Amino acid sequence: MSDSVAVLAGGCFWCIEPVFSQLRGVKKVVSGYIGGHVVNPSYKQVCTGTTGHTEGIEITFDSSQISFVELLEIFFISHDPTTPNRQGNDIGTQYRSAVFCQSEEQKSQVQAVVDHLNAEKIWPAPIVTEINDAAIFYPAEDYHQYYYANNINQPYCMIVAAPKVAKVRAKYADKIK
């Protein structure tokens, strides 16, 4: 068994966390903040858009069950990687699309996936997802962890997160726990 880490940002972490928590081989998903200049920021601070952080998730996964490239494929279909600083009605730098690479190998894999998807013209605009080096990941407050599972009937979860979860379940049924 080989535990690996992927750090992804694709809009509100309430929406992206449940997409990955349902996958076989994913051991743990932590919602948090990454890519900014404030030490240990709070949700309130990050929401102002002035800390430089984006909402993201840190995924611990068993690479013998699911690969980093498979996680990337799911990441790119689960959000709109062509809109800078925005996912739906969530607008601001804290909602930007980004990958925080844990190694040079991850960085080259991300670039290869982006190049392939752009060549396939899956979206009408090019991918703007940032490809960054690893950075300090700050776990979000406890009430943000597994927010979707704990608040499934909350309107935001029903309207925004549930369709993303369902889309991945339908397309990657063989990868669901």
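Some observations on this one:
- Reported count of residues in the range 58-79, each being surrounded by fewer than 17 Cβ atoms within 10 Å (Cβ to Cβ) and within 20 Å of ILE34 (Cα to Cα), is 1.
- Where a residue in the range 71-88 is on the phi > 0 side of the Ramachandran plot and its partner, wherever it lies, is crowded, with 17+ Cβ neighbours inside 10 Å, with Cβ under 6 Å and at least six apart: ASN85/THR93; ASN85/ARG96
- Every test in (1) surrounded by fewer than 13 Cβ atoms within 10 Å (Cβ to Cβ); (2) more than 19 Å from ILE57 (Cβ to Cβ); (3) modelled with pLDDT of 95 or more is passed by ASN118 save one, and that test is (1).
- Counted residues, the range 137-177 - those being touching a Ser or Thr at 6+ places or on another chain (Cβ under 9 Å), of a type in the set (Phe, Trp, Tyr) and part of a loop (DSSP other than H, G, I, E, B): 1
- Pairs where the first residue, in the range 93-113, is farther than 13 Å from LEU8 by Cβ and among the hydrophobic types (A, V, I, L, M, F, W, C) and the second is assigned to a loop (DSSP other than H, G, I, E, B) and at pLDDT 95 or above, C-beta under 9 Å, 6+ apart: none
- ALA119 satisfies every condition listed in (1) in contact with an Asp or Glu (Cβ under 6 Å, 6 or more places away or on another chain); (2) under 20 Å from LEU71 (Cα atoms) except (1).
- Looking only at the range 126-146, and only at residues there that are of a type in the set (Asp, Glu) and over 14 Å from ALA112 (Cα atoms), the one that is surrounded by the fewest Cβ atoms within 10 Å (Cβ to Cβ): ASP142
- The set of residues in the range 147-177 that are among the charged types (D, E, K, R) and surrounded by 13 or more Cβ atoms within 10 Å (Cβ to Cβ) comprises LYS164, LYS167, ARG169, LYS171, LYS175.
The values are calculated or read from the model by the stated rules, or taken from the named source; none is laboratory data. Note that the structure is a prediction, hence the values are computed from the model and not measured. In this analysis, Cβ positions are derived from the backbone assuming ideal geometry, glycine residues included, and neighbour counts consider all displayed protein chains.
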